[in-house]
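Notes follow the structure.
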């Protein structure tokens, strides 16, 4: 959980999330056997990085969680931070999908 807060703080202060931060977050989640995908808060709970036709299956297999600051309402001054969070969530989800129980990774 601390890694998630540290990541959000890093992203919101304008620093780019590096590969090490993503790797650490994945490692921490896997160590806890937490395979949940990051979804965008709001209608539809879209999981960035997962093809539209695979959303329902991926979310059912892996479960979902939210990332502070990643919602479907974006103020003009939040566009850059939201884009960074979306890119992070997409990469995280694509990589986490391979570890979800209940089947092989979904095809893109």
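Values in this text are rule-based calculations from the coordinates and carry no lab data. Everything numeric here is computed off the predicted structure, so don't read it as measured data. Every residue, glycine among them, receives a Cβ derived from its backbone with ideal geometry; neighbour counts consider all protein chains shown.
What spacing in nm lies between the two simple spin-label points modelled at residue 64 and residue 43, each 7 Å away from Cα in the Cβ direction?
Distance between the two pseudo-spin positions: 1.4 nm.
Using a 10 Å cut-off on Cβ atoms, rank the peptides 39-48, 23-32, 85-94 from the highest mean neighbour count down.
So the order, starting with the most tightly packed, is 85-94, 39-48, 23-32.
Using the count of nearby Cβ atoms within 10 Å as a rough guide to exposure, how do 65, 95 rank from fewest to most? Please list the in-between numbers first.
Working: 65 13, 95 16.
Fewest to most other Cβ atoms nearby, the residues stand as 65, 95.
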